[in-house]
1. Could you tell me which of the residues LYS267, LYS218 is modelled with pLDDT of 85 or more and not in a strand (DSSP E or B)?
2. Yes or no: THR110 among the β-branched types (Val, Ile, Thr), loosely packed, with under 14 Cβ neighbours inside 10 Å and farther than 30 Å from CYS217 by Cβ?
3. Exposed (fewer than 12 other Cβ atoms within 10 Å of the Cβ) and in a loop (DSSP other than H, G, I, E, B): which single residue out of LEU151, LEU145 fits that description?
4. Could you list, in sequence order, the residues of region 5-18 that are without any contact (Cβ under 8 Å) to a residue 60 or more places away in the chain and either within 12 Å of LEU55 (Cβ to Cβ) or among the small types (Gly, Ala, Ser) (or both)?
5. So which of LYS465, LYS362, LYS401, LYS406 is among the basic types (Lys, Arg), modelled with pLDDT of 90 or more and farther than 22 Å from GLU247 by Cα?
6. Please find, among GLU74, GLU30, GLU21, GLU81, the residue that is free of Cβ contacts under 8 Å to residues at least 12 places away in the same chain, assigned to a helix (DSSP H, G or I) and among the charged types (D, E, K, R).
7. Do the conditions hold for GLN309, that is, is it at pLDDT 85 or above, exposed (fewer than 13 other Cβ atoms within 10 Å of the Cβ) and within 30 Å of the chain's Cα centre (by Cα)?
8. Condition test on ILE58, is it surrounded by 13 or more Cβ atoms within 10 Å (Cβ to Cβ), touching a helix residue (DSSP H, G or I) at 6+ places or on another chain (Cβ under 6 Å) and within 24 Å of GLU115 (Cα to Cα)?
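The values are calculated or read from the model by the stated rules, or taken from the named source; none is laboratory data. Computed from a prediction, not measured in an experiment: that's the story for all the values here. Neighbour counts run over all protein chains shown; Cβ positions are idealised from the backbone, glycine included.
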Amino acid sequence: MAHLPQKIISERIDDVVLLLEVMKKMGLPEILNQHLPRHWKQEGLDWGWVACIWLSYIISQGDHRKVRVREWVEQRHYTIEQVCGINIRETDFTDDRLGILLKRLSKPETWGQIERFLTQNTIRAYDLAVEKVRLDATTISGHHLISESGLFQFGHSKDDPNLPQVKLMMGMIDPLGMPLVTQVVSGEQADDGLYIPAYQQITATLNKKGLLFVGDCKMSSLSTRCNIHIQGDYYLCPLSSVGKTPELLAGWIDKAVAGKFPLVEIKRTSFHYNTETSPGKDVLETTIATGYEMCRHVEAVDDPLRCWQERVFVIHSQTLAKQQIQGLETRLHHAQQKLMALTPQKGRGKRQIRDVQVLLQKATEILRQHRVEGLLSFDYECQETVEETYIGRGRPTSRPKQITQKIRYQIQTVIRNESAITQAQKTFGWRAFVSNAPPHILSVQQAVLTYRDEWIAERGFHRLKRVFEKF
């Protein structure tokens, strides 16, 4: 019996098989096909598998360009067909075909439905006592061209303000850090208006009430808190230092310092494994903050009938206080150096200030820039000098004299206002958090510990930014 000739196919697969298998288990091709139906004249591969195979290329190669996809698929043609159970044509991954897919995915309503069905297909919500969802926004910068209607725009950025950026709002399960929703908007938009759309998308996806939404101070706007409350959910966020909040916080701090409210110790439990002396696990409790709780009445601005009782947690962190005191001393030192350098001694190339208004304006700008207004003051003096010069050429004895009076201002000393500095340091380390969750769901200690787990969101953002650095 003659043996049939064997055909050996050698292809480099890398992590493509794993990526495609994960997408198959998530049901991603079916979900995409459900919301990206084929045209009745369309031939070849459907949009679901085109998108999944392209996505595996992006993740595997760290390259979002269309130009290399066709060649990349051809190099793994047999492997992809076997894993996915499909037949790939030569024209399934042309630039034009990928461009059509991008155009269809770019519609916000289509993308929102795909994300919703994908989340429902991969996440199960169980009836637990408390479920937490963390909301946070970040920016992603890059070297991109700016257009009037484009996503990349200049805006406030902690990364690089000289680069255009997009803004990303994410909602994620706490403490897993698993994304629930991801919304991308143009980079010039403020964070405040992004919380309600993200919240509404999460509630529509999970279809469950009684969730606890945790966010930073930009989530504390009254409209956002009201929206969460009237829909039967809970919020936890620090109050932003705008409007009447600084004045209210100062009063709350005075009450704490005066002993009008007993302070509760907030403790974090940690485990220490000792294998030398007594093998086992030791439980350690560390006090990380102190504070107290009170209630207040809150009303919606546009509708006084919408009102509720809100819990306020006034919390003091000794670690935060030390950091703020150190930061203030650094700002005071830099401001003092700049004030003294504002009026240098006479010398070549040393520009002098000869107008008192210019001196006061520049000194005020230095104090404002370092945020030490009222904490530093300075003494200055006006120095007048008379100079005699000869007019014309020739011997000095034969030329007329010209007498010129010059004025310069000199800062003599910079004075620290110790009483104002001490008063300012009393507020250091204090923050006010608000929540509408009842005490049996969220205690003071749970509120502080929950908010301090914000690293869960930051860790996901760092991963995302490292991915975007490749593009």
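1. Numbers: LYS267 fails: not in a strand (DSSP E or B).
The match here is LYS218.
2. Working: among the β-branched types (Val, Ile, Thr): yes; loosely packed, with under 14 Cβ neighbours inside 10 Å: no; farther than 30 Å from CYS217 by Cβ: yes.
When the stated conditions are applied, THR110 does not pass them.
3. On the way: LEU151 fails: exposed (fewer than 12 other Cβ atoms within 10 Å of the Cβ).
The conditions single out LEU145.
4. Taking region 5-18 as the starting set, the residues that turn out to be without any contact (Cβ under 8 Å) to a residue 60 or more places away in the chain are 5-8, 10, 14-15, 18.
Passing the criteria: only SER10.
5. Details: LYS465 fails: modelled with pLDDT of 90 or more; LYS401 fails: modelled with pLDDT of 90 or more; LYS406 fails: modelled with pLDDT of 90 or more.
After ruling out the rest, the residue left standing is LYS362.
6. Numbers: GLU74 fails: free of Cβ contacts under 8 Å to residues at least 12 places away in the same chain; GLU30 fails: free of Cβ contacts under 8 Å to residues at least 12 places away in the same chain; GLU21 fails: free of Cβ contacts under 8 Å to residues at least 12 places away in the same chain.
Exactly one residue qualifies, and that residue is GLU81.
7. Working: at pLDDT 85 or above: yes; exposed (fewer than 13 other Cβ atoms within 10 Å of the Cβ): yes; within 30 Å of the chain's Cα centre (by Cα): yes.
Yes.
8. On the way: surrounded by 13 or more Cβ atoms within 10 Å (Cβ to Cβ): yes; touching a helix residue (DSSP H, G or I) at 6+ places or on another chain (Cβ under 6 Å): no; within 24 Å of GLU115 (Cα to Cα): yes.
No: the conditions fail for ILE58.
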